[in-house]
Amino acid sequence: MKNIVVLVSGSGTNLQRIIDCTETGEIRNAKVSLVIADRECYGLARASKHHIDNVLIPRGKAFSDELEKIIPANTDLIVLAGFLSILKPEFCQKWDNKIINIHPSLLPKFGGKGMWGHHVHDAVIQAQEKESGATVHFVTSQIDEGGIILQGKVDVNSDDTAVSLAQKIHHIEYEIFPKAIDKVLNN
Ligand code: GRF
(Lines give C-alpha, C1' and ligand atoms only; values in the text may rest on other atoms or scores of the structure.)
Protein backbone atom coordinates (compact mmCIF):
# COMPACT_ATOMS: atom_id res chain seq x y z
CA MET A 1 0.00 0.00 0.00
CA LYS A 2 1.36 3.39 -1.01
CA ASN A 3 0.91 6.25 1.45
CA ILE A 4 -0.58 9.56 0.36
CA VAL A 5 -0.43 12.68 2.54
CA VAL A 6 -2.95 15.35 1.52
CA LEU A 7 -2.57 19.06 2.36
CA VAL A 8 -5.72 21.21 2.40
CA SER A 9 -6.90 24.71 3.27
CA GLY A 10 -10.57 24.60 2.34
CA SER A 11 -13.70 22.55 1.96
CA GLY A 12 -11.76 19.60 0.61
CA THR A 13 -14.08 18.29 -2.11
CA ASN A 14 -11.00 17.13 -4.03
CA LEU A 15 -9.72 15.46 -0.86
CA GLN A 16 -13.08 13.66 -0.61
CA ARG A 17 -12.78 12.46 -4.19
CA ILE A 18 -9.24 11.20 -3.52
CA ILE A 19 -10.34 9.32 -0.39
CA ASP A 20 -13.28 7.80 -2.30
CA CYS A 21 -11.05 6.72 -5.19
CA THR A 22 -8.56 5.00 -2.89
CA GLU A 23 -11.51 3.14 -1.37
CA THR A 24 -13.00 2.10 -4.74
CA GLY A 25 -9.62 1.22 -6.22
CA GLU A 26 -9.73 3.88 -8.96
CA ILE A 27 -6.50 4.99 -7.32
CA ARG A 28 -4.78 1.62 -7.09
CA ASN A 29 -2.92 0.23 -4.13
CA ALA A 30 -2.89 3.42 -2.06
CA LYS A 31 -4.43 5.01 0.98
CA VAL A 32 -4.65 8.52 2.39
CA SER A 33 -2.62 8.07 5.55
CA LEU A 34 -2.60 11.66 6.80
CA VAL A 35 -4.39 14.96 6.13
CA ILE A 36 -2.71 18.21 7.11
CA ALA A 37 -4.40 21.62 7.08
CA ASP A 38 -2.82 25.05 7.47
CA ARG A 39 -6.02 26.53 8.93
CA GLU A 40 -9.34 25.36 10.38
CA CYS A 41 -11.29 23.92 7.46
CA TYR A 42 -13.81 21.26 6.55
CA GLY A 43 -11.07 19.10 5.02
CA LEU A 44 -10.08 18.04 8.55
CA ALA A 45 -13.62 16.86 9.32
CA ARG A 46 -13.70 14.85 6.09
CA ALA A 47 -10.54 13.06 7.20
CA SER A 48 -11.97 12.35 10.67
CA LYS A 49 -15.13 10.87 9.14
CA HIS A 50 -12.94 8.34 7.33
CA HIS A 51 -10.80 7.69 10.45
CA ILE A 52 -7.77 9.22 8.74
CA ASP A 53 -5.17 10.90 10.97
CA ASN A 54 -5.37 14.65 10.59
CA VAL A 55 -3.53 17.61 12.00
CA LEU A 56 -3.67 21.37 11.89
CA ILE A 57 -0.37 23.24 11.53
CA PRO A 58 -1.18 26.96 11.64
CA ARG A 59 0.04 28.75 8.53
CA GLY A 60 3.02 31.06 8.83
CA LYS A 61 6.79 31.12 8.71
CA ALA A 62 7.36 27.89 10.60
CA PHE A 63 4.88 25.88 8.53
CA SER A 64 7.32 24.01 6.26
CA ASP A 65 9.62 23.10 9.15
CA GLU A 66 6.71 21.75 11.21
CA LEU A 67 5.46 19.90 8.16
CA GLU A 68 8.86 18.29 7.67
CA LYS A 69 8.73 16.96 11.24
CA ILE A 70 5.27 15.49 10.80
CA ILE A 71 5.39 13.90 7.35
CA PRO A 72 6.25 10.21 7.75
CA ALA A 73 9.42 9.04 5.98
CA ASN A 74 7.45 6.30 4.21
CA THR A 75 5.24 8.83 2.39
CA ASP A 76 5.02 8.05 -1.34
CA LEU A 77 3.18 11.16 -2.47
CA ILE A 78 2.25 14.56 -1.02
CA VAL A 79 -0.90 15.93 -2.65
CA LEU A 80 -1.85 19.61 -2.43
CA ALA A 81 -5.64 19.68 -2.79
CA GLY A 82 -6.77 23.27 -2.46
CA PHE A 83 -3.79 24.16 -0.30
CA LEU A 84 -3.00 27.87 -0.04
CA SER A 85 0.37 28.18 1.73
CA ILE A 86 3.62 28.35 -0.19
CA LEU A 87 6.08 25.58 0.72
CA LYS A 88 9.73 26.41 1.39
CA PRO A 89 12.15 25.69 -1.51
CA GLU A 90 14.16 23.31 0.75
CA PHE A 91 11.02 21.28 1.40
CA CYS A 92 10.18 21.13 -2.33
CA GLN A 93 13.73 20.00 -3.13
CA LYS A 94 13.74 17.30 -0.47
CA TRP A 95 10.46 15.88 -1.80
CA ASP A 96 11.33 16.46 -5.45
CA ASN A 97 8.91 14.60 -7.78
CA LYS A 98 6.84 13.54 -4.79
CA ILE A 99 4.62 16.63 -4.41
CA ILE A 100 1.77 17.34 -6.81
CA ASN A 101 -0.77 20.17 -6.94
CA ILE A 102 -4.02 20.90 -8.74
CA HIS A 103 -4.45 24.37 -10.20
CA PRO A 104 -7.74 25.65 -11.67
CA SER A 105 -6.44 26.87 -15.03
CA LEU A 106 -4.68 25.55 -18.11
CA LEU A 107 -1.11 26.21 -16.96
CA PRO A 108 1.15 27.89 -17.92
CA LYS A 109 -1.74 30.33 -18.41
CA PHE A 110 -3.10 32.06 -15.30
CA GLY A 111 -0.62 30.65 -12.79
CA GLY A 112 1.89 32.13 -10.33
CA LYS A 113 1.69 34.31 -7.25
CA GLY A 114 -1.79 35.69 -6.49
CA MET A 115 -3.45 33.33 -8.96
CA TRP A 116 -5.71 31.23 -6.77
CA GLY A 117 -9.45 30.65 -6.42
CA HIS A 118 -11.70 33.31 -7.93
CA HIS A 119 -8.68 35.42 -8.95
CA VAL A 120 -7.88 32.81 -11.60
CA HIS A 121 -11.44 32.66 -12.95
CA ASP A 122 -11.83 36.47 -12.89
CA ALA A 123 -8.64 36.80 -14.95
CA VAL A 124 -9.77 34.13 -17.44
CA ILE A 125 -13.10 35.91 -17.99
CA GLN A 126 -11.43 39.31 -18.20
CA ALA A 127 -9.09 37.97 -20.89
CA GLN A 128 -12.11 36.60 -22.82
CA GLU A 129 -10.60 33.15 -23.01
CA LYS A 130 -12.65 30.59 -24.92
CA GLU A 131 -11.49 27.70 -22.75
CA SER A 132 -10.11 27.08 -19.30
CA GLY A 133 -9.63 23.99 -17.16
CA ALA A 134 -7.46 22.41 -14.53
CA THR A 135 -3.87 21.22 -14.37
CA VAL A 136 -2.24 18.62 -12.14
CA HIS A 137 1.49 19.28 -11.95
CA PHE A 138 4.60 18.51 -9.92
CA VAL A 139 5.49 21.11 -7.31
CA THR A 140 8.86 22.84 -7.46
CA SER A 141 10.11 25.96 -5.70
CA GLN A 142 8.78 28.02 -8.65
CA ILE A 143 5.04 28.56 -8.10
CA ASP A 144 2.89 26.60 -10.61
CA GLU A 145 5.87 25.83 -12.86
CA GLY A 146 6.59 22.13 -12.27
CA GLY A 147 6.07 19.48 -14.95
CA ILE A 148 2.49 18.93 -16.07
CA ILE A 149 0.98 15.50 -15.37
CA LEU A 150 -2.59 15.91 -16.68
CA GLN A 151 -4.92 18.68 -17.86
CA GLY A 152 -8.67 18.82 -18.44
CA LYS A 153 -10.48 21.51 -20.43
CA VAL A 154 -13.86 23.24 -20.16
CA ASP A 155 -15.50 25.77 -22.48
CA VAL A 156 -15.82 29.34 -21.25
CA ASN A 157 -19.18 30.76 -22.42
CA SER A 158 -20.02 34.44 -22.73
CA ASP A 159 -22.44 34.19 -19.77
CA ASP A 160 -19.98 32.41 -17.47
CA THR A 161 -19.10 34.06 -14.16
CA ALA A 162 -16.20 33.24 -11.84
CA VAL A 163 -18.68 31.13 -9.83
CA SER A 164 -20.06 29.13 -12.77
CA LEU A 165 -16.58 28.61 -14.17
CA ALA A 166 -15.27 27.42 -10.80
CA GLN A 167 -18.11 24.88 -10.68
CA LYS A 168 -17.37 23.49 -14.13
CA ILE A 169 -13.68 23.30 -13.34
CA HIS A 170 -14.30 21.46 -10.07
CA HIS A 171 -16.03 18.71 -12.05
CA ILE A 172 -13.09 18.34 -14.39
CA GLU A 173 -10.79 18.28 -11.34
CA TYR A 174 -12.70 15.33 -9.90
CA GLU A 175 -11.93 13.44 -13.13
CA ILE A 176 -8.28 14.26 -13.65
CA PHE A 177 -6.94 14.40 -10.09
CA PRO A 178 -7.46 10.71 -9.21
CA LYS A 179 -6.16 9.68 -12.64
CA ALA A 180 -3.03 11.80 -12.18
CA ILE A 181 -2.43 10.41 -8.68
CA ASP A 182 -2.82 6.84 -9.91
CA LYS A 183 -0.48 7.57 -12.80
CA VAL A 184 2.26 9.04 -10.60
CA LEU A 185 2.00 6.25 -8.01
CA ASN A 186 1.54 3.23 -10.23
CA ASN A 187 3.16 3.89 -13.63
C1 GRF B 1 -9.68 23.68 -6.51
O2 GRF B 1 -10.35 24.44 -7.47
C3 GRF B 1 -8.21 23.59 -6.82
O4 GRF B 1 -7.91 23.69 -8.18
C5 GRF B 1 -7.65 24.79 -6.12
O6 GRF B 1 -8.41 24.91 -4.95
C7 GRF B 1 -9.71 24.36 -5.15
C8 GRF B 1 -9.95 23.41 -4.01
O9 GRF B 1 -11.28 23.01 -3.91
N10 GRF B 1 -6.23 24.63 -5.92
P11 GRF B 1 -11.74 21.92 -2.84
O12 GRF B 1 -11.34 22.41 -1.46
O13 GRF B 1 -11.09 20.63 -3.19
O14 GRF B 1 -13.22 21.86 -3.00
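Looking at the chain, the accessible area is 50 square angstrom per residue; that uses a 1.4 Å probe and ignores ligands, DNA and RNA. Using 0.36 nm per residue and subtracting the Cα-Cα separation, the extra length available between Asp155 and Lys69 on full extension is 26.7 nm.
Shape of the range 78-177 from its Cα gyration tensor (a ≥ b ≥ c, root eigenvalues): rounded if a/c is under 1.5, otherwise prolate when a/b > b/c, or oblate? Since a/c reaches 1.5 and a/b is larger than b/c, the shape of the range 78-177 is classed as prolate. Annotation for the range 34-93: GluC sites (Glu not before Pro) lying in DSSP loop with at most 14 further Cβ atoms inside 10 Å of their Cβ are Glu40.
Applying 0.36 nm per residue to the separation of Tyr42 and His119 and subtracting their alpha-carbon distance, the gain on full extension is 25.6 nm.
Note on Ile71: accessible area is roughly 10 Å² with a 1.4 Å probe, heavy atoms of protein only.
For each pair in Lys109/Lys153; Lys88/Lys109; Lys49/Lys94; Lys49/Lys179, compute the distance between the two Cα atoms and list the pairs where it is over 21 Å. Among Lys109/Lys153; Lys88/Lys109; Lys49/Lys94; Lys49/Lys179, the Cα-Cα distance tops 21 Å for Lys88/Lys109; Lys49/Lys94; Lys49/Lys179.
Averaging sequence separations of C-alpha pairs under 8 Å and six or more residues apart, then dividing by the length of the chain, give the relative contact order as a whole percent.
Rounded, it is 21 percent for the chain.
Here's the picture: charge each Lys and Arg Cβ at +1 and each Asp and Glu Cβ at -1 in the range 2-186, and of Asn29, Phe177, Leu84 the one pushed furthest to the positive end of that dipole is Asn29.
The gain in end-to-end length when the Arg28 to Ser164 segment is fully stretched comes to 45.8 nm, 0.36 nm per residue minus the alpha carbon separation.
Which values of log₁₀ I(q)/I(0), to two decimal places, follow from the Debye formula for the range 1-128 at q = 0.10, 0.19 Å⁻¹ with a uniform point scatterer at every Cα? For the range 1-128, the Cα-only Debye profile gives -0.33, -1.12. With both labels modelled 7 Å from their Cα along Cα-to-Cβ, the Asp20 to Asp96 distance reads 3.7 nm.
May I ask for the distance between the Cα centers of the range 44-69 and the range 131-187, given as a whole number of Å? Between the Cα centres of the range 44-69 and the range 131-187 lies a distance of 24 Å.
Given +1 at the Cβ of Lys and Arg, -1 at the Cβ of Asp and Glu and no other charges, the dipole of the chain around its Cα centre is 320 debye to the nearest 20. What figure, in Å² to the nearest 10, do you get for the accessible area of Trp95 with a 1.4 Å probe and non-protein molecules left out? Only protein atoms counted, so the area is about 20 Å². List the aspartates and glutamates whose Cα lies under 15 Å from the Cα of Lys61, skipping any in the same chain that are fewer than 8 positions away. Leaving aside aspartates and glutamates fewer than 8 places away in the same chain, those within reach of Lys61 are Asp38, Glu90. Taking all protein chains together and rolling a 1.4 Å probe, Val163 ends up with roughly 100 Å² accessible. Membrane-span-like helices in the chain, defined purely by DSSP H runs whose alpha carbon atoms cover 15 Å or more axially and whose average Kyte-Doolittle hydropathy reaches 0.0, are 162-186.
The values are calculated or read from the model by the stated rules, or taken from the named source; none is laboratory data. Nothing here was measured: the structure is a model prediction, and the numbers come from that model. Don't worry about glycine lacking a Cβ; one is built from the backbone with ideal geometry, like all the others, and counts go over all protein chains shown. Protein only, heavy atoms only, side chains kept; ligands, DNA and RNA dropped before computing areas. Shrake-Rupley method; radii C 1.70, N 1.55, O 1.52, S 1.80 Å.
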